[in-house]
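Written below as structure tokens is the structure these notes are about.
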Amino acid sequence: MTSRASDCVLVTVTGKDHPSITARLTGILAETGAELLDLEQVVVQGRLTLCLLIRLPEARDALKELLLAARELGAELDFQVAEPPRAVGAEDGPARYVVTAVGRALGAPEVHALTTELAGQGARLDRVVRLSDAQLGSVEFHIALPREREPEALKRALLALSMRSTSFDVALQRESLYRRAKRMVVMDMDSTLIRIEVIDELARAHGVHSQVAAITERAMHGELDYDESLRQRVAMLAGLDSAVLHELAANLPLTEGAETLTRVLKRLGYRTAVISGGFSVAAEALRARLGIDFAYSNVLEEREGKLTGRTLGPIVNAQRKAELLETLARQEGILLEQVIAVGDGANDLRMLERAGLGIAFRAKPRLREAADTSISAGGLDSILYLLGLTARELREVG
């Protein structure tokens, strides 16, 4: 039958959820010969909204039968003439993105601020999915962005919104197969997986913290490159008892959510790695403690129970981090689009750029602006929501 706009009707059914309501109504469509073109259903707090786009048959009054059935089931039915669905190629239609909001609790002010920003950027809100359950703590907004709109502008707007707030984070991801098919997570260690900078703690124990901090400050202002600053800081540790390093490594304070993140990733079959400009004794202790698959970091030379003030092997700087990420992905047969990288400092930037999703974790504004997305309000386990996992699914994983 040739399609006409008047043939198509959008039927909306609302009411208390009933186990058989969808089966009953689609059964009527089948019996009357109505063509089902599209459907979507959502249940919120036991209240059902079911939308059916149908093409009406010529012989029978399908709408009347649907209306009678809905009334029998205690639901309300409304309908309106609709345009038939149009096939749109991926290159012709709007670009699809997912905006994930994660916070302690998302109330009306937060949702209003976010949806207002989306509207201001020309984004059409297609679907909203609640990921958390005990309270409204994480929500996915599936949006369509017109091709003429720059996604970078939307990203900057959402970053500015999250930086103005201390209660929730906002992440923007392109909706694609790879968003839901990540296979590896690579993380920095100091101030990311753990709450401290190991070199600062060692310097403090050796009585040279202020000198080490001064070198770090010079490096941050561009007066020293990373490699030279590391050599100078490590040299300050010469003569420190190795037992201090090993005791510190055995009692590293984990960042909130680190254990949950690594446990869930491991059970879901993800490969995990620490790639750190910190030190191997600490990184290896974390690898064993959290069940992480790989650990790469700088090796402090020890001799006769003391630190010598030197490192062994190549320095794990920004370029080395990026190279290790690529090598590890290639070794494991994983596409870069399937890798997540997480870090907090400038030394992590190249690593974040190489990954399919680069996350700045509790980072300074410069890295947050450069990364794909950032997390500042929540813990490391917030990353699980960026994978599209719901609270119910996380409980199943344990």
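The values are calculated or read from the model by the stated rules, or taken from the named source; none is laboratory data. Bear in mind the structure is a predicted one, so any value in this text is a computation, not a measurement. FYI the Cβ positions are ideal-geometry reconstructions off the backbone, even for glycines, and counts take in every protein chain you see.
A few remarks follow.
Residue by residue, here is whether (1) of a type in the set (A, V, I, L, M); (2) farther than 18 Å from residue 300 by Cβ holds:
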| site | (1), (2) |
| --- | --- |
| 221 | no, yes |
| 227 | no, no |
| 234 | yes, no |
| 262 | no, yes |
| 269 | no, yes |
| 278 | no, no |
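- Checked against the criterion of being assigned to a helix (DSSP H, G or I) and crowded, with 17+ Cβ neighbours inside 10 Å, region 138-151 contains not a single residue that satisfies it.
- Residue 194 being in the same structural domain as residue 322 (by TED's automatic domain parsing) and surrounded by 15 or more Cβ atoms within 10 Å (Cβ to Cβ): yes
- Test result for residue 341, surrounded by 24 or more Cβ atoms within 10 Å (Cβ to Cβ) and at pLDDT 95 or above: yes
- Criterion violated by residue 203 - all others in (1) among the small types (Gly, Ala, Ser); (2) more than 18 Å from the chain's Cα centre (by Cα); (3) surrounded by fewer than 23 Cβ atoms within 10 Å (Cβ to Cβ) satisfied: (3)
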